[in-house]
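Since the structure comes first, as structure tokens, the remarks are kept for the end.
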Amino acid sequence: MTGVRSMIAVATLTCAVSSGAWAQSSDQLTPHKVKISAVDYQGKHAVKIVEDGTVGNGEAYAIVAGPEFHNGTIDVQIAGRPAAGVGEGARGFIGIAFRLRGGRFEYVYLRPTNGRANDQVRRNHSTQYSMYPDFDFARSRKEAPEKYESYVDLEPGVWTPFRLVVQGTTARLFVHGAAQPCLVVNDLKLGDTSGAVALWIGPGTEGYFTGLTITR
């Protein structure tokens with residue numbers, strides 16, 4: 001639907017369409033195995049998302065109210081860091097899920113603690129494309145090593161501009177306002193579909209989101 005734009009700012013979801021505009025509180029985010037709260041974080045009003053109890057990999061997200069997303073651009077500022085007391089494997093996983101329908105979705109996310117790691121292999125795994133539930137990071141590394149991951153400079157807990165451009169079966173990730181994508185996916189596993197957009201976090205993450213804009 002051309003010209004439809006949705007925005008999360010100041011912990012409020014604001015939607016504007018050609019017929020007018022209306023506002024919804026962050027309570028209109030539908031949590032899926034997460035807790036949501038409105039906070040001030042590093043100088044910005046934001047939505048904080050953490051897991052609600054023990055959650056399986058890929059299953060923690062908050063669905064954004066609004067029209068279905070098919071093709072378009074998703075812009076958001078995100079900050080992810082390992083939550084207090086989590087294990088060494090936590091990376092502050094944080095990103096966006098899209099075309100969510102019937103419990104299946106595509107998602108692209110960051111591993112903020114990998115961005116400046118001393119291990120080059122970890123750096124090369126700073127970004128990730130996956131599809132829930134059938135194509136997680138472990139399967140992608142086994143079947144197509146390095147194809148669905150890349151390096152980008154990241155810091156945990158720091159606001160990071162994140163832009164995802166989706167067209168047909170292609171998704172491109174732009175970080176820090178770069179003119180060129182740091183990750184290109186040409187074979188989205190669910191095909192040319194449509195569905196909801198969600199704010200996504202991975203295991204052990206304390207995640208913050210602000211300034212979400214969806215252009216369809």
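For this structure, a couple of remarks:
- Count of residues meeting criterion [outside any strand (DSSP E or B) and under 15 Å from residue 207 (Cβ atoms)] in the range 32-52: 3
- Consider the range 130-148 and keep the residues that are charged (D, E, K, R) and either in contact (Cβ under 8 Å) with a residue 40 or more places away in the chain or surrounded by 17 or more Cβ atoms within 10 Å (Cβ to Cβ) (or both). The one that is nearest to residue 42 (Cα to Cα) is 136.
- Some residue of the range 64-86 being out of contact with any strand residue (DSSP E or B) (no Cβ under 9 Å at 6 or more places or on another chain), closer than 18 Å to residue 205 by Cβ and not basic (Lys, Arg): yes
- Candidates in the range 192-216 are the residues that are assigned to a loop (DSSP other than H, G, I, E, B) and modelled with pLDDT of 95 or more; of these, the one that is surrounded by the most Cβ atoms within 10 Å (Cβ to Cβ) is 202.
- Checked against the criteria, residue 116 does not count as under 20 Å from residue 56 (Cα atoms) and surrounded by fewer than 18 Cβ atoms within 10 Å (Cβ to Cβ).
- Of all residues making up the range 54-106, the number that are crowded, with 20+ Cβ neighbours inside 10 Å, aliphatic (A, V, I, L, M) and over 14 Å from the mean Cα position of the chain (by Cα): 1
- Criterion: over 22 Å from residue 42 (Cα atoms), small (Gly, Ala, Ser) and at pLDDT below 95 - qualifying residue of 89, 72, 102, 168: 89
- Considering residues of the range 149-191 that are part of a loop (DSSP other than H, G, I, E, B), touching a residue at least 60 places away in the same chain (Cβ under 8 Å) and touching a Ser or Thr at 6+ places or on another chain (Cβ under 7 Å) only, the residue nearest to residue 91 (Cα to Cα): 156
- Condition met for residue 127 (surrounded by 17 or more Cβ atoms within 10 Å (Cβ to Cβ) and closer than 19 Å to residue 88 by Cα): yes
- Within the range 166-191, the set of residues being surrounded by fewer than 17 Cβ atoms within 10 Å (Cβ to Cβ) and among the β-branched types (Val, Ile, Thr) comprises 169, 170, 184.
- Cβ-Cβ under 7 Å pairs, at least 6 apart or on other chains, the range 75-88 side closer than 16 Å to residue 48 by Cβ, far side surrounded by fewer than 16 Cβ atoms within 10 Å (Cβ to Cβ) and not β-branched (Val, Ile, Thr): 77/161; 79/42
- Segments classed as strands (runs of 3 or more DSSP E), wholly inside the range 53-112, with at least 1 members that are in contact with a helix residue (DSSP H, G or I) (Cβ under 8 Å, 6 or more places away or on another chain): 72-82, 94-101
The values are calculated or read from the model by the stated rules, or taken from the named source; none is laboratory data. These figures come from a predicted structure and were not determined experimentally. Every residue, glycine as well, gets a Cβ built from its backbone with ideal geometry; the counts of neighbours run over all protein chains shown.
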